[in-house]
1. So what's the angle, to the nearest 10 degrees on a 0 to 90 scale, between helix A:210-219 and the longest Cα principal axis of chain A?
2. Determine the total buried accessible area between chain B and chain A, counting protein heavy atoms only with a 1.4 Å probe; round to the nearest 100 Å².
3. Which of the lysines could be linked to residue B:323 by a straight reach, that is with a Cα gap under 27 Å, when you skip same-chain ones fewer than 8 residues away?
4. Any chance you could get the radius of gyration and Dmax over the Cα atoms of chain B, in Å?
5. Over region A:2-167, give the accessible area per residue in Å² for a 1.4 Å probe, as an integer.
6. Can you give the mean number of other chain Cβ atoms that lie within 10 Å of the Cβ atoms in peptide A:283-291?
7. Would you work out the charge dipole size for region B:336-410 about its Cα centre, treating the Cβ of every Lys and Arg as +1 and the Cβ of every Asp and Glu as -1, and quote it to the nearest 20 debye?
8. What is the Cα centroid distance between region B:185-207 and region A:147-212, reported in whole angstrom?
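The values are calculated or read from the model by the stated rules, or taken from the named source; none is laboratory data. None of these values were measured; they are calculated from a predicted model. Note: ideal-geometry Cβ built from the backbone for every residue, glycine included; neighbour counts use all protein chains shown. Please note that ligands, DNA and RNA were not included when accessible areas were found on the heavy atoms of the full protein model with its side chains. Shrake-Rupley method; radii C 1.70, N 1.55, O 1.52, S 1.80 Å.
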Amino acid sequence: MGVRALEKFATEVGGADTGPVTCVGGRSQWDVGGPCLPSVREVRAPSGVTEYEPAEMIVRCRAGTPVAELDAVLAAAGQMVTLDPACPEVATVGGVLAVGHSGLRRLRFGPVRDVLLEAHFVTADGSLIKAGGPVVKNVTGFDLCRMLVGSLGTIGFLAEVVLRCQPRPQVSAWYRAEGADPFEIRSRLFRPSSILTDGASTWVLLEGRAPDIEAELSFLPGDWQAVEGPPSVPAGGRESLPPSRLRSLHGEYLAEVGVGTVHRPGPVGVVPAQGRAADLQRRVRDAFDPSRRLNPGRMEAA
Amino acid sequence: MTSTLVADLRRALSPGRVLAEPLELALFARDASVMEGHAAVVCFPTTTEEVQAAVRIARSHGRAIVPRGSGTGLAGGAVPVSDDASPPPVVVVTTKMNAIVDVDEVDRVAWVQPGVLNLDLSRAVAHLGLHFAPDPSSQQSCSIGGNVANNSGGPHCLLHGVTSAHVLALEVVLPDGEVVVLGGLDPDPDGYDLRGAFVGSEGTMGIATRVAVRLTPLPPAIRTMLVDFETVAAAGATVSGIIAAGIVPAAIEMMDSAITCAVEDYVHAGFPRDAAAVLLVEVDGLADGVEEAARLITDIAVAQGARTVRVAAGAEERALLWKGRKSAFGAVARIAPDYYLHDAVVPRTKLVEVLAAIADIAERYDLLIMNVFHAGDGNLHPLIVFDRRVAGTLERVRLAGGEIITACVAAGGMLSGEHGIGLEKRDYMGMVFSDADLDAQARLRDVFDPTHACNPMKVLPGGSRCGDLQHVPEGAWV
């Protein structure tokens with residue numbers, strides 16, 4: 001029955017003769033990568049957690065599973081997957097991976113591309129392909145999993161994935177201070193989960209055991225107040241900068257210190273690859289979807 | 001024909017950095033695997049421009065290119081081979097490109113040339129409180145370029161992740177000689193993650209000439225424990241128990257009794273010679289978390305019947321315990337002249353079952369198989385120790401190796417956790433991937449190298465794309 005759901009999805013996606021098609025998740029990041037062409041046929045990936053063995057610290061689920069549903073299953077065993085979308089009730093696992101935007105805890109837990117261990121995806125010709133494997137360490141063959149993350153569905157549509165889990169921290173605590181130097185804060189903390197700044201205030205997320213969090217906090221200069229959570233994150237656009245460039249930001253923003261992601265209230269222009277790198281990008285898309293039937297309109301540069 | 005190839009290379013590089021004498025070539029016919037190939041010429045560029053020149057000259061003479069770092073690979077990835085219809089390839093060695101170009105301690109990034117040795121990089125940034133986290137057991141001699149090619153691991157990758165998680169950007173000479181930068185120092189470069197595709201591509205997509213690596217802070221607190229057991233099952237249950245308890249140690253290494261004795265004879269670190277299995281467990285981080293994790297791990301081990309839990313008293317004892325683990329392969333050289341080191345990865349909860357299957361295979365083939373491996377991530381390294389001069393031994397080693405891989409795959413595992421596929425396991429790829437899966441991987445390779453000029457015949461079995469017809473060369477055994 002498990003495999004049949006994936007095959008059914010592959011049939012829905014269809015082959016070249018079935019025309020353009022787009023895969024819909026929770027639509028929470030629908031505009032990333034450019035608008036999909038209007039009136040394109042829509043499909044949805046199957047949903048549900050299909051295999052979870054806490055002692056393996058990996059989980060298998062269908063790409064259409066809402067992130068909050070996955071999180072509830074993992075929380076019961078004290079684990080988590082750091083997909084961390086802004087709207088976990090709506091966002092789907094496959095959608096977060098296809099968009100490839102990491103959450104606010106990237107500083108500690110790494111980019112979202114590192115959580116995908118195995119992917120079953122449907123290609124432009126309607127075949128169901130497996131990449132990677134259901135183990136935490138694996139160099140068997142070329143790394144198609146990392147290519148799929150952030151590909152906006154243009155290499156294939158994710159159907160089922162195996163993800164790396166983490167232990168859920170005992171305590172997660174946000175703190176805020178006014179006027180602190182966020183870059184100095186970073187140099188004083190060991191594995192903070194997040195450091196955010198809007199140019200005036202600094203927020204830090206410390207996770208782990210309470211005594212360690214208290215000790216870390218005591219090293220920090222400034223007046224730190226416990227707060228409910230991070231500030232609201234501007235959702236107009238994201239800039240991607242080398243982390244040191246965050247020292248010279250202007251305008252309204254919320255920046256992830258040590259990471260280099262800058263959240264802006266308005267749209268942000270992307271810098272597409274140039275020259276030979278752009279040629280390689282196009283060749284990838286030609287190799288997997290020569291007729292551009294998957295998510296037409298997205299990732300135009302390729 | 002070879003003489004004009006050599007002359008062209010000598011003009012472009014320098015005569016002293018282009019080797020073509022039979023004795024010199026013989027040194028580069030193998031890597032640390034047991035397979036052998038044949039190089040037409042071996043060259044040692046020192047700059048990106050020289051790598052470009054070498055690649056272009058090789059191509060203009062119709063030669064394939066085989067990139068090579070320190071030659072410590074165990075899967076034959078650097079063995080120079082070409083298909084029956086083609087002349088021998090040009091080997092491009094990156095060991096003379098060994099400069100640490102730039103270290104940015106604020107952003108914790110270093111640009112390095114590919115020939116920089118793994119441990120040299122960590123030593124060079126230690127005064128900044130930083131290190132390069134992937135730590136293969138061969139870290140004294142393996143290069144960053146080789147780590148990139150194989151997406152190498154190491155004991156501490158349990159916590160920190162393998163090489164791909166530590167590579168931000170790459171300058172690459174493509175198989176047609178052009179230079180491109182993949183990835184970037186910013187978190188989300190636009191487009192597909194070609195950086196991710198290149199890492200682990202085993203030299204089939206070009207030659208990395210500069211690598212931007214992430215540097216990781218050294219932890220404020222470390223606890224290293226040696227735990228010994230009367231049964232392998234108890235050690236395996238302890239590994240599962242630690243993971244299930246929500247602890248991710250920096251490393252969990254397992255050694256069985258045979259390798260523990262061999263190591264003890266070699267380094268005299270006080271490893272218990274009468275244990276059925278030992279675990280080397282390390283936790284790091286902030287003081288309280290480390291303390292708590294160490295206490296929990298001890299409780300779990302004792303509940304599973306651990307005999308003793310020895311905690312390293314200081315840096316010296318910790319170094320000694322790690323020396324024992326990392327010199328395991330040196331230790332076996334005292335037992336028999338040859339060894340064959342396998343690499344496979346299985347679900348962590350299947351470790352005990354697979355170890356039992358391996359013990360059964362050893363008995364049936366009358367071979368000595370030792371186990372020393374990264375238990376925390378299920379990465380097995382069965383080590384077959386033998387003497388190839390004894391008639392028929394090689395054939396038994398070969399057959400037993402095949403059965404070990406079959407057992408790992410049957411348990412839900414994969415062919416390689418960190419050594420790569422190379423020549424060694426390419427013909428096993430069909431055990432874990434369908435023809436359509438392999439075709440998708442071949443399409444990715446062809447984006448970079450449509451004519452298969454760069455490290456041909458590696459990773460993917462012949463026939464992954466229409467028109468491929470290749471055989472693993474005579475003398476190669478998998």
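1. 60 degrees
2. Heavy-atom accessible area buried at this interface is about 6300 Å².
3. Candidates past the 8-residue exclusion: A:137.
4. Calculated on Cα positions, Rg and Dmax stand at 22.4, 70 Å.
5. 34 Å²
6. Details: counts 8, 9, 3, 2, 8, 5, 0, 0, 0.
Partner-chain Cβ atoms within 10 Å, mean over residues of A:283-291: 4.
7. For this selection, approximately 80 debye.
8. 24 Å
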